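Take a look at the structure below.
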């Protein structure tokens, strides 16, 4: 049952990305181009997502435990450290260069966007490389 609920949530998320245009890397790159053909619509999508998420968190975290799990899995660390800053910078570079982050990139695979045929495999290689590096560093 949990897998079906996760699948449904992913499909709703992907549908939202497609409807809002956020699966289109040109739209994201136009949002980042503040001195050129700036498109502020991504900011409205982000604000809407933040509002819905904030309300959802308030409702869900009032419960003693999730419906389908034994406990909530919330981050234990709230400090800003080197790996967080480096990871954020790499994410930002990838987003700025290609207009994709992982969710929209995977969604765009379903739309047969040719740029994702390069981006997604490279993203997966990057994820695997990060796992190997973290394992070797013992973190």
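What follows is calculated from the coordinates using simple rules that are stated; it is not laboratory data. Please read these numbers as outputs of a predicted model, since none were measured by experiment. FYI the Cβ positions are ideal-geometry reconstructions off the backbone, even for glycines, and counts take in every protein chain you see.
Quick look at the values:
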quantity	calculated
Cα gyration tensor shape for region 78-139, rounded if a/c is under 1.5, else prolate or oblate	prolate
Helix-only mean residue ellipticity at 222 nm for the chain, each DSSP H run of n ≥ 4 adding -39500 (n - 2.57), per residue, nearest 500	-22500 deg cm²/dmol
Whole-number percent relative contact order across the chain, with pairs defined as alpha carbons under 8 Å at least 6 apart	27 percent
Ranked by how many other beta carbons lie within 10 Å on average, peptides 106-114, 6-14, 58-66 from highest	106-114, 6-14, 58-66
Whole-Å semi-axes of the ellipsoid equivalent to the chain (Cα gyration tensor, √5λ, descending)	26, 22, 18
Prolate/oblate/rounded label for region 8-59 (Cα gyration tensor, a/c 1.5)	oblate
For region 22-88: rounded, prolate or oblate by the Cα gyration tensor [a/c cutoff 1.5]	oblate
Sorted peptide list for 71-78, 125-132, 39-46, 25-32, criterion being average Cβ within 10 angstrom, highest first	25-32, 39-46, 125-132, 71-78
